[in-house]
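Contents: one structure, followed by commentary.
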């Protein structure tokens with residue numbers, strides 16, 4: 001198991017308990033991807049921006065100890 005930080009922004013904060021203020025530290029199995037964590041929470045990946053330590057992860061990239069996964073809804077401007 002490894003520890004990662006999960007920061008959910010904007011409306012995605014509702015996926016976490018309110019006392020967490022949008023950020024939690026979680027333990028996940030080695031080999032876990034950011035998408036797997038978010039999917040398990042019910043977050044709509046196809047409508048999301050996902051970053052790992054501030055950068056877009058490669059498809060299938062597994063998480064390392066102490067990284068921060070950020071997720072927020074993608075929005076369209078006009």
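The values are calculated or read from the model by the stated rules, or taken from the named source; none is laboratory data. Bear in mind that the values here come from a model prediction, so they are computed numbers and not experimental data. Here Cβ is always computed from backbone atoms with ideal geometry, including for glycine, and neighbour counts include all displayed protein chains.
Only a single item in (1) under 9 Å from the mean Cα position of the chain (by Cα); (2) outside any helix (DSSP H, G or I) is not met by residue 27, and it is number (1). Given the criteria in contact with a helix residue (DSSP H, G or I) (Cβ under 7 Å, 6 or more places away or on another chain), loosely packed, with under 11 Cβ neighbours inside 10 Å and assigned to a loop (DSSP other than H, G, I, E, B), does residue 42 qualify? Yes.
So that you can scan it fast, the table gives a plain yes or no per residue for (1) buried (at least 16 other Cβ atoms within 10 Å of the Cβ); (2) modelled with pLDDT under 95:
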| site | (1), (2) |
| --- | --- |
| 9 | no, yes |
| 13 | yes, yes |
| 30 | no, no |
| 53 | no, no |
| 75 | no, yes |
